[in-house]
1. When a/c reaches 1.5 or more, the comparison of a/b and b/c decides; with that in mind, is region 99-220 rounded, prolate or oblate per its Cα gyration tensor?
2. When a/c reaches 1.5 or more, the comparison of a/b and b/c decides; with that in mind, is region 152-194 rounded, prolate or oblate per its Cα gyration tensor?
3. Using a Förster distance of 22 angstrom, determine the FRET efficiency expected from the C-beta separation of residue 154 and residue 96, and round it to 0.05.
4. Could you tell me the distance between the Cα centroids of region 110-134 and region 188-205, to the nearest Å?
5. Starting from the Cα of residue 255, step 7 Å toward the Cβ, then list every residue of region 214-244 with an amide N under 18 Å from that point.
6. Using 7 Å Cα-to-Cβ label points, what is the residue 216/residue 161 separation (nm, one decimal)?
7. Once R0 is set to 41 Å, what does the formula 1/(1 + (r/R0)^6) return for the Cβ-Cβ distance between residue 146 and residue 262, expressed as a FRET efficiency to the nearest 0.05?
8. Can you put 94, 208 in order of Cβ neighbours within 10 angstrom, beginning with the fewest?
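Readers should treat all values here as calculations from the given coordinates under stated rules, not as data from a laboratory. What you see is a predicted model, and the numbers here were worked out from it, not measured in a lab. Here the Cβ positions follow ideal geometry from the backbone for every residue, glycine too, while neighbour counts run over all protein chains shown.
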Ligand SMILES: [Cu+2]
């Protein structure tokens, strides 16, 4: 009887300590949200030589225009994030009779930002015209191995155009202009950002900083504009940043004019935004 009591007390003590220990552990180890929360995985592949899995994330599925991408690398042995790596991109579209590349921005650093490598590709046409692949070269600085993952990306035209191209009558150059809409448009002053690339060859589309940009926002269905807009100026790597004043919600059209040393290079295009 006494022996049973001692055993029972020991058992109760053990259960209690497990409960307390368990409680303590869960309250101390607050699980951080996964860095991929809020993004969708648009494609994945495997950089064999680097023993690294490559996953490509974005806030939306891939579309014709400037796509901000986030590359997550995983060590294929222990499945942990690889946060130190040299990552370089090479987009390619196979159109049967020919192939071409697209403008892109490699990750700026060999250190991941919140476990992922931010970069971008400006897909200049949808996958209906051919097959897009993104070659992601990984120099894994943790295991010192190199490899390439060649990943197929499905690119669709967005419901509202986010990119246009024009051929400048001044230098006969072909320019690709992408709109980076404000993440959350508001009534009032918003950032207005476009990115400009100039085609040098089928494989080279460097950033362009040579243009002067002006624009007029209007509400086409209401025949009015807005005051206090700021024309975008070049801020680096082909990105031009200005301000647009949306004085009310609804359908806005941003009509753009591009100048090359004062002469008009294009004034036929616009970007639409509805919020
Ligand atoms: Cu193409």
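1. Numbers: a/c = 1.86, a/b = 1.43, b/c = 1.30.
Taking the square roots of the gyration eigenvalues as a ≥ b ≥ c, region 99-220 is prolate.
2. Numbers: a/c = 3.19, a/b = 1.35, b/c = 2.37.
Note, shape of region 152-194 comes out oblate.
3. Working: r = 17 Å, r/R0 = 0.79.
Computed FRET efficiency for residue 154 and residue 96 comes out at 0.80.
4. Using only Cα atoms, the two centres lie 15 Å from each other.
5. Within reach of a label on residue 255, which here means backbone N under 18 Å from a point 7 Å along Cα→Cβ, region 214-244 contributes 214-232, 244.
6. 1.9
7. On the way: r = 48 Å, r/R0 = 1.17.
My answer for the efficiency is 0.30.
8. On the way: 94 13, 208 23.
Final ranking by Cβ density, sparse to dense: 94, 208.
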